[in-house]
1. Which one of these is of a type outside the set (Gly, Ala, Ser) and closer than 20 Å to ASN181 by Cβ: VAL332, VAL312, VAL320, VAL295?
2. Determine whether SER84 is under 15 Å from VAL107 (Cβ atoms), small (Gly, Ala, Ser) and in contact with a strand residue (DSSP E or B) (Cβ under 6 Å, 6 or more places away or on another chain).
3. Tell me, please, whether a residue that is crowded, with 23+ Cβ neighbours inside 10 Å, assigned by TED's automatic domain parsing to the domain that holds VAL56, touching a helix residue (DSSP H, G or I) at 6+ places or on another chain (Cβ under 6 Å) and of a type in the set (Ser, Thr, Tyr) can be found in segment 167-179.
4. Being modelled with pLDDT under 95, of a type in the set (Phe, Trp, Tyr) and closer than 20 Å to LEU49 by Cβ is the filter here, so list the residues in segment 126-180 that pass it.
5. Which condition from (1) assigned to a helix (DSSP H, G or I); (2) among the β-branched types (Val, Ile, Thr); (3) within 22 Å of VAL295 (Cβ to Cβ) is the one that VAL228 breaks?
6. Give the residue, chosen from ILE28, ILE32, ILE57, ILE39, that is outside the structural domain of GLY256 (by TED's automatic domain parsing), without any contact (Cβ under 8 Å) to a residue 40 or more places away in the chain and either under 18 Å from TRP101 (Cα atoms) or touching a His at 6+ places or on another chain (Cβ under 6 Å) (or both).
7. Can you report the number of residues in segment 277-328 which are farther than 23 Å from MET243 by Cα, charged (D, E, K, R) and in contact (Cβ under 8 Å) with a residue 24 or more places away in the chain?
8. Among the residues in segment 45-52, are any in a loop (DSSP other than H, G, I, E, B) and in contact with a Gly (Cβ under 7 Å, 6 or more places away or on another chain)?
Amino acid sequence: MELIMRYYEKNVWAKLKEYLDAYSRFLISSHIRPDGDAIGSALAFKRMLEGMGKDVIWVMDEDPGRMFDRFYAAEELVIHQPESNDFADRDVVVMLDAGEWKRLGNVGKLFENHPGRKVCIDHHLTSDEFAGIRIADSKSPSTTVLLYRLLNYLGLEFTLSIAEPIYLGLIVDTQNFHLPNTTEEAHRIAVECLRAGVKPYQVYEPIFGVNSFSRLRLMAEVFRTLEVFFDGKVGLMYTTLEMFERTGAQPREDEGFSDLVRTVEGVQVGIYLREDSAGTIKVSWRSKGQNDVAVSAKRFGGGGHMRAAGSVIDGTLEQVRTIILDDMEKRVAAGEIG
């Protein structure tokens, strides 16, 4: 069974409510290399369910990183240790801000094989089949927006502990309300978050307002790799494992690098390559206007949105760089990018 919600349809929320009414033990997770929407949606949903008297475990494949420390207590999160716990007693497993099990890392294998009911709440495009309830609205600014809609449908109180993670997802996925996915609804929800007691500077500061010395050193190195191609329409830069080691940067300290390439004057598509391990490259595409980078991401086994997409590709940095640029060259020549 797969139910898909593309916009705000009460019948789909009603099906999810059946699960919320019938079951008491929930297991939730969001994607690897989590951003503010992944963390915010997991926290908001966890706290909503706990407010309904549910027993909720939030499990992640990895530590989200220092920038998110202030948003939750250490005891709210379990870092998954393979073979240590299969959470078999959980009635329902819920994947948030991701549409494919593999996006959860090792937790994804656990969830896919779990005997419980399955739910996906997401705002990304995906073609994968899902044996459960999938609530997906690709036009939603963030997954936390979907959770705000659910909260209203359920008639729950919009407390500060829920409002803050919802605001976190909003500001990260709209880049402080300036990306084209920023909607009137996003601003309305932001107002409600402030009315609930959210202090915008307290959410902004740890995410956008602080740079470690090691991150700035890494940024200096990555800018030296910046190149533009195809009459300046495409920009590309990269990081290697050696760069991280040399600068002392932590794995999450390249957050936002993909957006920097897009800011180069004249560039319509920005590409950031990150060497995740020997033989594995993480590719992030960002675009302006109507240039659809999700098309390219899907060609390489990934996905995302029109203006923000990603994929993980096996190969050396040079090999992946070559095939990614070949794809861009063909799309520029075909008039798809410009």
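The values are calculated or read from the model by the stated rules, or taken from the named source; none is laboratory data. A quick note: this is a predicted structure, and the numbers were derived from the prediction, not measured. Cβ atoms come from the backbone with ideal geometry, glycine included; neighbour counts cover every protein chain shown.
1. VAL295
2. no
3. The answer is yes, given that some residue of segment 167-179 is crowded, with 23+ Cβ neighbours inside 10 Å, assigned by TED's automatic domain parsing to the domain that holds VAL56, touching a helix residue (DSSP H, G or I) at 6+ places or on another chain (Cβ under 6 Å) and of a type in the set (Ser, Thr, Tyr).
4. TYR153, the sole residue that qualifies.
5. Here VAL228 meets the rest and fails (1).
6. ILE57
7. If we filter segment 277-328 for residues that are farther than 23 Å from MET243 by Cα, which is where we start, we get 287-309, 326-328.
Now narrow it down to the ones that are charged (D, E, K, R): 288, 292, 298-299, 307, 326-327.
Add one more test, that the residue is in contact (Cβ under 8 Å) with a residue 24 or more places away in the chain, and what stays is 288, 292, 298-299, 307, 327.
Residues that pass the stated criteria total 6.
8. No.
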